[in-house]
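All remarks here apply to the structure that follows.
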């Protein structure tokens, strides 16, 4: 038993188990988890694994890797919350594995364990690893890519080449591109270039530009983008210009925050490990081998924080690539004074406090779910048939199709011809943009409010979800059966009309050309 406790793979196995153990404990968070899992659910239901779709419409805000992993997980394990979070869990596992193996190779087992502990118990990292959006997946790819290239550079210093490390670096950069776009390549490039320039070893940059690696990157990362551009001629402009450069360089998007926002969030959500960065040992190496690692970690941390602090729009998940270098710095600060009993006590107390904060965050999210439509989805699943229609009223309830096991698309009623409603950075804009790539499908799914005037003429029963106050706006709901409520939301079943009247005409729909 004592030998097993000292096996090198055991700390990593325990860290993975720690990250995975509570992934089931809370409902999907809205809007992000519901949106991205909903796209994967739609991919699984439609059988089209090439084109990501939001409510049946081509959704090109982000590339497909998260959707592919999530759809495969849901197909393999079933529609459970933990299965919907497998892509983020894999990103977390990739980051932990890369950091542990890198530090173990260059500084030994003890430092590797301390770095792994400081990473796995950061509340930001722990929650991010169980949050079903793209941020942890791309952070894991970036972390693995940076450390693989750093390993290759350190091996070059020793006079040998590590083709395996170079292949891993280029491979994970390509996966990062497929996970969230250009940052999967740009951030590792900026970190490694900045690190080598700081160390006055810029010639190593040319040694890292390895032609087989570049070809590997293109073989993994390019085909999907080329296929989408061939099928949808406006794809490249929308994906790269609008969703990358415009979102980065322009204002007008959600979550505008001051420049200092992300450093403050990282310092708070990485406690108590972020406090170790104040130690002089986090900036000054006692051993020659520790110096390049400290330089790498500081450059890495600075690049991530600066890169994502420049745009006006900021989200907490953007700084997940900074969690690994922060953990490395905290471990370095402790390693320099690990022989002191007082420091050992602080380290253990910090680990206990961090683990408690992680579990408290999950418990809070499980007991106080925000905006979830899980109850309505389950009620719909129990009573609806595949032949019936589902209509959302003036909102898109991202998680409801997942919980309802709804395989088809949803009709969404909104004033789609009003530029004021669809001009913001919200769900309306997302659906309106998606409709441009498939106008025919958009005509069927994006409906105008006037269309419900003739719904009393429907020859089949249908379902509606929306605020309970919608009964006053749409008389057709007054004759409907109120099936379930959740907060101010309601699920109605509208019965089929027994007799069609002369007033029953065409149903008004939104025209993509009008938007």
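For a paramagnetic label modelled on residue 243 (point 7 Å from Cα along Cα→Cβ), amide N atoms under 18 Å away belong, within segment 117-142, to 132-139.
On full extension, the segment bounded by residue 236 and residue 17 gains 74.9 nm, given 0.36 nm per residue less the C-alpha separation. For segment 154-299, pairs of C-alpha atoms spaced more than 21 angstrom apart make up 62 percent of the total. If you take the beta carbon distance between residue 201 and residue 271 as r and set R0 to 51 Å, what does 1/(1 + (r/R0)^6) give as a FRET efficiency, to the nearest 0.05? That gives a FRET efficiency of 0.90.
When the Cα atoms of the chain are aligned to their principal axes, the ranges along those axes come out at 88, 46, 42 Å in descending order. Once you reduce segment 29-49 and segment 369-445 to the center of their Cα atoms, the two points are 12 Å from each other.
By the helix-only formula, in which each DSSP H run with n ≥ 4 contributes -39500 (n - 2.57) and the sum is divided by residues, the chain has a 222 nm mean residue ellipticity of -17000 deg cm²/dmol. Contact order, relative form, for the chain: 16 percent (alpha carbon pairs under 8 Å, 6 or more residues apart, mean separation divided by residue count). Multiplying the residue separation of residue 394 and residue 337 by 0.36 nm and removing their Cα-Cα distance gives an extension gain of 14.6 nm.
Considering all different alpha carbon pairs of segment 85-367, the Kirkwood hydrodynamic radius works out to 19.5 Å. Taking label positions 7 Å along the Cα-Cβ direction at both residue 105 and residue 479, the computed distance is 7.1 nm, reported to one decimal.
Rg and Dmax of segment 278-384, based on Cα coordinates, read 20.6, 68 Å. Using the Cβ-Cβ distance between residue 444 and residue 287 with R0 set to 45 Å, the FRET efficiency from 1/(1 + (r/R0)^6) comes to roughly 0.10.
The alpha carbon radius of gyration of segment 278-328, expressed as a multiple of 2.2 N^0.38 Å, is 1.30. Subtracting the Cα-Cα distance of residue 468 and residue 348 from their residue separation scaled by 0.36 nm leaves 38.0 nm. Taking label points 7 Å from Cα along the Cα-to-Cβ direction, residue 219 and residue 382 give a separation of 5.3 nm.
Readers should treat all values here as calculations from the given coordinates under stated rules, not as data from a laboratory. Small disclaimer: the values here were computed from a predicted structure and weren't measured. Please note: Cβ atoms are built from the backbone with ideal geometry, for glycine as well, and neighbour counts cover all protein chains shown.
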